[in-house]
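K.L.:
Pasting a structure here, questions to come.
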């Protein structure tokens, strides 16, 4: 009996990476310094003081990596472009070798029958722009449009799928509230909110520029959203869930949908002594710009987070009725993230039914497990295969429900530099030896190749 779940004929199967995580060549061929170069070179910021200086050396090995993609049968590859590789100072002088690199990469992909999906900003802001104020100032959004114009003019004849930003909420919150990511600013919620606004504004300004320079292309943005139910039905727990949702997800989806920023977000921040009047960057017409129509939204989904209000003493809260799964390797990845495929359906449904998004791609979905090669050279990463299979089964269910899911990109093609965790976490379907740069397709990669080949999942 064949229980294979078949996907629509035109469904796009891909894998994803990001420039700083794989490219290396951090100061070669005229590339400028990024905030991640500076952050990773600052002792104590990254686990083991790892840096992205070499990473997967993709800058020199892109042909080998595209050959791997072809071997896996990928229909598409989502990659990001390093802004300081194109404009070393963020504005002004263009670095032609940087453009040439991405042009060669795109040509190599097209030759292999792989559609390029380009992300314009995956967190590596030119350091020079940070020193001029960074994302909390409006001029950075203006600089982003200049950068967008330069690179889409160069590649727009061949790249027909564009994403403006990857996970703007992570840039704002981890970059400016918690300081865990570059540029490492802590506790500045005003700067975080200004950053969020300018990221969205730069997105809205960039969309018509991309369409002008890349006729017939699809344009979208990538939003991360986890499944975040409250631990009980108490007002305290529900309020915590709403606050977290406002600052991580609704802030972005509401504005993109042409609605005002969430009112409860500003109630939440006022409790921290911050008032709307301090967010002085919102100017007349900005919200209309942000709501410029787009063709799709990319969803990055990884896990469930059960939300509990820890400020309320337990005896004053309702008993917890929803609990995370027990801690074991079946239920959690090595990042400590709960594996919860069912939550993907909840988030996809929300995107479609609440926000009427015309097309959705799952632009990242994956898990960290450290399995390496056995004596026979084979990487038996069974937990990753199970993770991907179960999430794909849920994705198929979403399509059957009428949700316009058009493609799936596994995170990640390669093991790589995992931001603050350095090289301690491995998300790839291809194992990388960071000393020798040897690549080995893991069992999960071979399994994914069969999924693509059959256009279905068991």
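The values are calculated or read from the model by the stated rules, or taken from the named source; none is laboratory data. Here the structure is a predicted model, which is why all the values come from computation and not from measurement. Cβ coordinates were reconstructed from backbone atoms using ideal geometry, including for glycine residues, and neighbour counts include every protein chain displayed.
K.L.:
From (1) at negative phi; (2) assigned to a loop (DSSP other than H, G, I, E, B), pick out the condition that doesn't hold for residue 289.
P.N.:
(2)
K.L.:
If you take just the helices (runs of 4 or more DSSP H) that sit entirely in region 188-283, which of them hold at least 3 residues that are out of contact with any strand residue (DSSP E or B) (no Cβ under 6 Å at 6 or more places or on another chain) and farther than 24 Å from residue 365 by Cβ?
P.N.:
Qualifying helices (runs of 4 or more DSSP H): 189-213, 235-245, 263-270.
K.L.:
Could you check, for region 266-282, whether at least one of its residues is crowded, with 18+ Cβ neighbours inside 10 Å and at pLDDT 95 or above?
P.N.:
Within region 266-282, not a single residue is crowded, with 18+ Cβ neighbours inside 10 Å and at pLDDT 95 or above.
The rows are residues; the columns are (1) part of a helix (DSSP H, G or I); (2) over 19 Å from the mean Cα position of the chain (by Cα).
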site	(1), (2)
119	no, no
123	no, no
129	yes, yes
134	no, yes
144	yes, no
148	yes, no
154	yes, yes
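K.L.:
Does at least one position in region 67-74 carry a residue that is in contact (Cβ under 8 Å) with a residue 60 or more places away in the chain, within 21 Å of the chain's Cα centre (by Cα) and in a loop (DSSP other than H, G, I, E, B)?
P.N.:
yes
K.L.:
So residue 347 ticks every box in (1) surrounded by 21 or more Cβ atoms within 10 Å (Cβ to Cβ); (2) assigned to a helix (DSSP H, G or I); (3) out of contact with any strand residue (DSSP E or B) (no Cβ under 7 Å at 6 or more places or on another chain) but one. Which box is left unticked?
P.N.:
The failed condition is (3).
K.L.:
Another question about this same structure. Would you confirm whether any residue within region 432-443 is in contact with a helix residue (DSSP H, G or I) (Cβ under 9 Å, 6 or more places away or on another chain) and more than 21 Å from residue 23 (Cβ to Cβ)?
P.N.:
Yes, that holds for at least one residue.
K.L.:
Could I ask something else about it? Of the numbered conditions (1) out of contact with any strand residue (DSSP E or B) (no Cβ under 7 Å at 6 or more places or on another chain); (2) closer than 24 Å to residue 117 by Cα, residue 40 fails exactly one; give the number of that condition.
P.N.:
(2)
K.L.:
State all residues of region 293-325 that are under 30 Å from residue 366 (Cβ atoms), touching a helix residue (DSSP H, G or I) at 6+ places or on another chain (Cβ under 7 Å) and part of a loop (DSSP other than H, G, I, E, B); if no residue qualifies, say none.
P.N.:
294, 301, 308
K.L.:
Restricting attention to region 147-187, report how many residues are out of contact with any helix residue (DSSP H, G or I) (no Cβ under 6 Å at 6 or more places or on another chain), more than 22 Å from residue 364 (Cβ to Cβ) and without any contact (Cβ under 8 Å) to a residue 12 or more places away in the chain.
P.N.:
3
K.L.:
I would also like to ask the following. Residue 384 - would you say it is over 18 Å from the mean Cα position of the chain (by Cα), in a helix (DSSP H, G or I), surrounded by fewer than 18 Cβ atoms within 10 Å (Cβ to Cβ) and at pLDDT 95 or above?
P.N.:
no
K.L.:
For region 353-370, name all the residues that are in contact (Cβ under 8 Å) with a residue 60 or more places away in the chain, buried (at least 18 other Cβ atoms within 10 Å of the Cβ) and in a loop (DSSP other than H, G, I, E, B).
P.N.:
Across region 353-370, the qualifying residues are 357, 365, 366, 367.
K.L.:
Only residues in region 220-234 that are at negative phi and in contact (Cβ under 8 Å) with a residue 24 or more places away in the chain count as the first member; pair them with residues that are surrounded by fewer than 20 Cβ atoms within 10 Å (Cβ to Cβ) and assigned to a strand (DSSP E or B), Cβ under 6 angstrom, at least 6 apart or cross-chain, and list the lot.
P.N.:
Nothing qualifies.
K.L.:
Right, another one. What number of residues within region 156-187 are assigned to a helix (DSSP H, G or I) and either out of contact with any strand residue (DSSP E or B) (no Cβ under 9 Å at 6 or more places or on another chain) or over 23 Å from residue 290 (Cα atoms) (or both)?
P.N.:
Filtering region 156-187 down to residues assigned to a helix (DSSP H, G or I) leaves 168-176.
Remaining after also requiring either out of contact with any strand residue (DSSP E or B) (no Cβ under 9 Å at 6 or more places or on another chain) or over 23 Å from residue 290 (Cα atoms) (or both): 172-175.
The total comes to 4.
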